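Okay, so here's the structure we're looking at.
Coordinate-derived values only; no laboratory data. In this text the structure is predicted, and so the values were computed from the model without any measurement. Reconstructed Cβ throughout: ideal geometry from the backbone, glycine too, with neighbour counts over all protein chains shown.
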Amino acid sequence: MTARDAAPYWARWKARQVDVRPWASLRLSAQYGHRPVRLLSVGRGWVSVRVEYPTGPRCELYRPGDIDWTEARVMGGCTGVQVETAEGAVHELNIRASGEGRLWQWVRRAVKAGASVEGVF
C-alpha cells in the first residue's frame, strides 16, 4: 500500500483553490441567537455560511431550518443565483430581470426540493 492509498479519500486528488465569496447576508434562527452570517452556498440538506468571531471568520454548516430566511438580503456584486436540482438540471435567475423577491422564492423552493444554490457574480 502506498502513502497515497493510505491518505483519506478526500486527500487523494489535488483540488484547485477557489475563492469563497459570500453572496447574501442573513441571520441564524432564534435557536442560535439570531447571529448575523454571510451565505456561501446551499447544498442538499445544508447551508454553508461565514460567521465572524472575535478570533476571525469561520465557515460553518447549518441545516436550512436553522436559517431565518425572512431577513436574507443579496449582497453587492451578486447578479443572481444558479440552482442545480437533484436530477442535475441547472437553472439560472438574474436578479436584475426578476428582482430580489423572486430570487428568494427560488431559494426557498430549492431548499424544499433538495437542490443546491450558488450565488452568481
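Overview of values
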item	result
Global form of the range 20-120, assessed from the alpha-carbon gyration tensor, a/c cut-off 1.5	prolate
Residue with peak Gaussian network fluctuation, the chain [Cα springs, cutoff 10 Å], from Ala24, Ala86, Ala110	Ala86
Extension gain, Arg58 back to Phe121 (0.36 nm per residue minus Cα-Cα distance, nm)	20.5 nm
Efficiency of FRET from Cβ geometry, Arg21 and Glu71, R₀ 22 Å, rounded to 0.05	0.65
